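A quick write-up on the structure given underneath.
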Amino acid sequence: MHLKNRKIAIIGAGLAGLNLARLLSDSAEIVVFEKSDKLGGRIATHHANGFSFDHGAQFFTAKNKVFKTFVKELESQGVVSQWNANFVDLEPSGINSERTWDDEFPHYVGTPAMNSIGQYLAKNIDVRLNQLITGIKKIESRWFVETEQSQSGPFDWVVVTIPAEQAKAILTETASHQMNLKDVIMQPCFALMLAYQKPHFFDWDAAFVSKSILSWVSVNSSKPKRGDHFTVVAMSTNAWAKTNFEQSESSVIEEMLNALTNISNKNLADASYIKLKRWKYANAARQEPVLEMIDESSQLACCGDWCISGRIESAFMSSLTLAKKIEGLMV
Ligand SMILES: Cc1cc2nc3c(=O)[nH]c(=O)nc-3n(C[C@H](O)[C@H](O)[C@H](O)COP(=O)(O)OP(=O)(O)OC[C@H]3O[C@@H](n4cnc5c(N)ncnc54)[C@H](O)[C@@H]3O)c2cc1C
């Protein structure tokens, strides 16, 4: 069979799904199904009222050589830039340590927003947005993927690149078992987005926070190419989000704003725009050993950050490893 006669369905247009699509697109015809109307998954940007906020992944670093090379490509295309933030370790009693991020260990962000990364990767890929996949089915040895309204296929392979618990929901028990799909607990997180007419000057651009319900605060507008508006993004701890996930929006916003005032010593209530995002599946713990989930005989596989650790680089590495494996099996 000519390789391009092979068809692969990829579920999820986050970094893992889009990178897999890019890597396999010379070897097979690829269709990516994405439930939302956006590309990039948790590498996300919220635009409203002329403001923009990176309300998912905040920045990333690169350790593996192959990921460094990929980041250099993105950098040369203007899709990412280094963020030389004035970074602090912060707690309510004050700053514990500070440093400026620099070339020695670069920290990157998408430009002009984090979602530029997904948009770049999706170029020339057949991505079908607003397609919530509810199940997959094998008919006469080939795969079909299903939404509430329709069925698409046939495909030779299906690869599921969505968080583990969501993957379980769309796979049959037999498929999960054959693929050795692991139970990986993913933790929730709240992201609070704030925009101001007048800037509130902090002594820092980005902070890891301890002894607080907040874990991270950044002046989003201090990232490169973000424009003139002063914007802030604050993240809750996973533990606090877990306990308060069903709380009303107003009470979560109030508590997070109070915590922000507490650590910054500023009254930040004069925001001209406030928005809260609840991430149900934000982060996964590091997996030892790294998870590889593939059923070669039925041509079904899973990948995503949660197979390694809840980071952008992990989503990339997990999809790279799987792409090589599938490519090898298709020869
Ligand atoms: C608040 C927050 C802060 C973070 N901060 C950082 C950070 O600073 N640095 C860092 O490196 N990482 C960070 N991360 C983690 C990083 O975003 C992830 O590791 C990475 O984006 C995961 O990519 P992925 O492709 O594996 O999964 P995802 O990005 O989750 O992609 C999965 C895609 O599948 C789609 N999907 C789900 N179910 C279905 C379905 N049934 N049908 C069709 N489509 C479906 C989803 O909409 C999504 O687009 C953060 C994450 C969050 C949420």
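Bear in mind these aren't lab numbers, they're just calculated from the coordinates by the rules spelled out. Please read these numbers as outputs of a predicted model, since none were measured by experiment. Here Cβ is always computed from backbone atoms with ideal geometry, including for glycine, and neighbour counts include all displayed protein chains.
What number, in percent, do you get for the relative contact order of the chain if the mean sequence gap of Cα pairs under 8 Å and at least 6 apart is divided by its residue count?
On the way: 710 pairs, mean separation 70.8, N = 331.
Across the chain, relative contact order equals 21 percent.
Return the equivalent ellipsoid semi-axes of the range 185-331 as a descending list in whole Å, where each equals the square root of 5 times an eigenvalue of the C-alpha gyration tensor.
38, 18, 13
Please list, in order along the range 291-306, the HN-Hα scalar couplings obtained from phi with the Karplus expression 6.51 cos²θ - 1.76 cosθ + 1.60 (θ = phi - 60°), rounded to whole Hz, x for Gly and Pro.
8, 10, 10, 8, 10, 5, 6, 9, 6, 9, 8, 9, 8, x, 3, 5
Where does the chain land at 222 nm, in deg cm²/dmol rounded to the nearest 500, when only DSSP H runs of n ≥ 4 count, each adding -39500 (n - 2.57), divided by all residues?
It comes out at -7500 deg cm²/dmol, rounded to the nearest 500.
Report the Cα centroid-to-centroid distance between the range 275-315 and the range 60-118 in angstrom, as an integer.
Computed from Cα coordinates, the inter-centre distance equals 21 Å.
By count of other Cβ within 10 Å, fewest leading, how are W204, W306 ordered?
Going from sparsest to densest Cβ surroundings: W204, W306.
Only counting other Cβ atoms within 10 Å, I'd like T147, T243 sorted with the fewest neighbours first. Each step should come with its number before you reach the end.
Details: T147 16, T243 12.
Lowest to highest Cβ neighbour count: T243, T147.
Once you place label points 7 Å from the Cα toward the Cβ at D103 and N5, how far apart are they in nm?
Roughly 5.3 nm, to one decimal.
When Lys and Arg each count +1 and Asp and Glu each count -1, what net charge do the other residues less than 13 Å away from V88, Cβ to Cβ, add up to?
Working: positive: R99; negative: D89, E91, E98, D203, D205.
Net charge in that neighbourhood comes out at -4.
Report D for the chain in µm² per second (integer): Stokes-Einstein, Kirkwood Rh on Cα pairs, 20 °C, 1.002 mPa s.
Values: Rh = 20.8 Å.
Here the translational diffusion coefficient equals 103 µm²/s.
If amide H atoms are built 1.01 Å from N in the plane of the peptide, which residues on other chains or at least 5 residues away come under 5 Å of the amide H of K38?
Amide H neighbours of K38, under 5 Å, 5+ apart: N130.
Rounded to the nearest 20 debye, what is the charge dipole size of the range 242-285 about its Cα centre when +1 sits on each Lys and Arg Cβ and -1 on each Asp and Glu Cβ?
My answer is approximately 240 debye.
Could you sort out which of K38/K63; K198/K223; K35/K123; K7/K65 sit more than 22 Å apart by Cα distance in this structure? All intermediate terms of the calculation are to be shown ahead of the outcome.
Details: K38/K63 28 Å; K198/K223 18 Å; K35/K123 18 Å; K7/K65 30 Å.
Going by Cα-Cα distance, K38/K63; K7/K65 fall outside the 22 Å limit.
Which order results if F87, F201, F316 are arranged by neighbouring Cβ count within 10 Å, fewest first?
With the fewest neighbours first, F87, F201, F316 line up as F201, F87, F316.
Give me the compactness ratio for the range 1-157, meaning the Cα radius of gyration over 2.2 N^0.38 Å.
Rounded to two decimals, the normalised Rg is 1.28.
Can you compute the label reach from E91? Point 7 Å from Cα along the Cβ direction, backbone N cut-off under 18 Å, restricted to the range 189-231.
Label zone hits: 207-217.
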